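The values are calculated or read from the model by the stated rules, or taken from the named source; none is laboratory data. This one's a predicted model, so the numbers in the text were calculated from it and none came from an experiment. In this analysis, Cβ positions are derived from the backbone assuming ideal geometry, glycine residues included, and neighbour counts consider all displayed protein chains. Ligands, DNA and RNA are stripped out before the accessible areas are found, and what is left, the full protein with its side chains, is counted by its heavy atoms. Shrake-Rupley method; radii C 1.70, N 1.55, O 1.52, S 1.80 Å.
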Amino acid sequence: MTGSSPATQQSYERLLAVEPVLSRIAPLRDLVSDLPPKTLFHAGPPFASGKALPAPVLNSVLAAIRHEGWAESVAGAKAALEQGQVALAPAQDIGLVTPLAFVVGPSMYCLAVSDAKNPRALRLSPLNDGPLPDCLRFGTGREGGLALLRGLTGGIGADLAANLKPAPLLPVLAAGLSGGDDLHGRVSAAQAAVRGFFGAHLAPESEQYLTQANQFVLNVIMAAAALMIGAGAGVSGSTMVVASGGNGIDHGYKLAAEPERWIVRPARRPIGPKMQDKATALPAIGDSAVIDAAGFGAACLRFAPDLAGLKVHVDDAYFTEAAHDAFIGPHPALKFPGLRVGLDLARPRACLGVMLGMVGAGGTEGLVGRGVAPWPEG
């Protein structure tokens, strides 16, 4: 049925068995045991030794160091980083997925998505860091973004945690696709479910946060997608992708046959319309690439009319069922024409890419557009 190998088919069947549930909110240090000391977690594969961090990532690292109380000033944060007092590590190596240039520290509140059939299996994502222009995920390091983080750790995160109602997420994904989402570039329909994740007695500050964080559900979708594809890991010979992300220099992914090994290729820049014509977009960045590896995002553009403006920038195949050529098979809870899940890199394909926000490479521009970053070949 799928054209994939028996081993890859086994990974796919494990993916289908997952029933993702938004189950907990807590600081990262309470969700992951034995975190290494003074370590921050970034998107994508490890940074190559000796290479300078992209400016947007550096800005987020410096903000995170200050947030964690490891330095009081930007200059102090730079010194701590340069002197090796703070370490960096890939978020996906600890079961965490982080968007764009956002960097996660131990005190930051994260959401946990677990498998209803196997609650010990889970993936994490930081709570969404709010709207433009202050959000830190776009790499500007604005003080307003730091203030929002402090608000989340100062009371809002705990209030959300206390009022969380465990929520099955496959219905949220289905509602998003039905409402015109690709589940990555557009999440408006899925976002409608967010208030229902919580009880009626949220504090006013928490209510305001949820109203302003109009992409809250994106972080939930990231963790759900990571959990689903990650379930396929550990099958000898399987070529299904179980992790994927960019760090602004390289794009890395892991295959089910070797889930501990990053396969690293130069990241490619997103292709699409820009809000700032002269701005240079950073090469692909963010662990949200797991959404596309699950079978959503760029492969689902035909279900998202609001993203039709990309047609003049990317291959026509992205807006046809051929966009799912690289994926293994259908999902019984997501009955949409031609939709398949589980990326198998051994399959022939008409197109393959990651739907991404464009982050300005200079670290001052923030969001400069939206597009599709082609999958790195070679």
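Among the trypsin sites (Lys or Arg not before Pro) in segment 1-109, which ones are in a DSSP loop with at most 13 other Cβ atoms within 10 Å of the Cβ? Mind listing them?
Here the sparse-neighbourhood loop sites are Lys51.
Where is the GNM fluctuation largest for the chain (alpha-carbon springs, 10 angstrom cutoff): Pro337, Pro106, Pro171?
Pro337
Please name which of Tyr253, His201, Gly369 has its Cα lying farthest along the dipole of the chain towards the positive end, using unit charges on Cβ (Lys, Arg +1; Asp, Glu -1) and the Cα centre as origin.
Of Tyr253, His201, Gly369, it is Tyr253.
Based on the Kirkwood radius over alpha-carbon pairs, what value in µm²/s does the Stokes-Einstein equation return for the translational diffusion coefficient of segment 323-376 at 10 °C and 1.306 mPa s?
My calculation gives 120 µm²/s for D.
Can you give the relative contact order of the chain as a percent, counting alpha carbon pairs under 8 Å and 6+ residues apart?
About 21 percent, as a whole number.
Could you pull out the trypsin sites (Lys or Arg not before Pro) across segment 316-378 that fall in loop regions by DSSP (anything but H, G, I, E, B) with no more than 16 other Cβ atoms inside 10 Å?
Loop-located and lightly packed - Lys335.
Considering only lysines 8 or more places apart in sequence, or on different chains, count the pairs in the chain whose C-alpha atoms sit under 27 Å apart.
Step by step, the pairs that qualify in the chain add up to 13.
Sort out the exposed loop GluC sites (Glu not before Pro) in the chain (DSSP loop, at most 13 other Cβ within 10 Å) and tell me the longest stretch that has none.
Numbers: sites that count: Glu72, Glu377.
By the stated rule (loop sites, at most 13 other Cβ atoms within 10 Å), 73-376.
From the square roots a ≥ b ≥ c of the eigenvalues of the alpha-carbon gyration tensor of segment 281-324, which class results: rounded (a/c under 1.5), prolate (a/b over b/c), or oblate? Could you put the intermediate results ahead of the total?
Values: a/c = 1.95, a/b = 1.28, b/c = 1.52.
Taking the square roots of the gyration eigenvalues as a ≥ b ≥ c, segment 281-324 is oblate.
Roughly how far apart, in whole Å, are the Cα centres of segment 118-132 and segment 139-192?
Here the answer is 8 Å between Cα centres.
Hey, what's the per residue convex hull volume over the C-alpha atoms of segment 222-338, in cubic angstrom? Working shown, then result.
Values: hull volume 14.2 nm³, N = 117.
Hull volume normalised by residue count: 121 Å³.
For segment 25-108, what are the per-bin percents of Cα-Cα distances with bins 10 Å wide, up to the bin holding the maximum?
With 10 Å bins starting at 0, P(r) equals 18, 56, 26, 1.
How much of the DSSP beta bridge set in the chain is antiparallel, as a percent to the nearest 5?
90
Accessible area of segment 105-233 with a 1.4 Å probe: how many percent of it is carbon plus sulfur?
After summing per-atom areas, the C and S share lands at 55 percent.
Keeping all protein chains in place, calculate the accessible area per residue for segment 193-284 (probe 1.4 angstrom), answer in Å². Intermediate values should be presented prior to the final figure.
On the way: 3640 Å² over 92 residues.
Per residue, segment 193-284 has an accessible area of 40 Å².
When a/c is below 1.5 the answer is rounded, else prolate if a/b is larger than b/c, else oblate, so apply that to segment 120-260 with a ≥ b ≥ c taken from the square roots of the Cα gyration tensor eigenvalues.
prolate
Report the Cα-based extents of segment 116-175 along its three principal axes, largest first, to the nearest Å.
Per principal axis, max minus min of the Cα coordinates gives 41, 25, 21 Å.
Hey, if you drop one equal point scatterer on each alpha-carbon of segment 73-189 and run the Debye formula without solvent, what base-10 log of I(q)/I(0) do you get at q = 0.21 Å⁻¹?
Log10 I(q)/I(0), no solvent term: -1.47.
Just to check I understand the Karplus step: with θ = phi - 60° and J = 6.51 cos²θ - 1.76 cosθ + 1.60, what whole-Hz values come out for segment 111-120, glycine and proline as x?
9, 10, 10, 10, 8, 4, 8, 8, x, 6
If you take the C-alpha gyration tensor of the chain, multiply each eigenvalue by 5 and take the square root, what semi-axes do you get, largest first, in whole Å?
Output for the chain: semi-axes of 29, 23, 21 Å.
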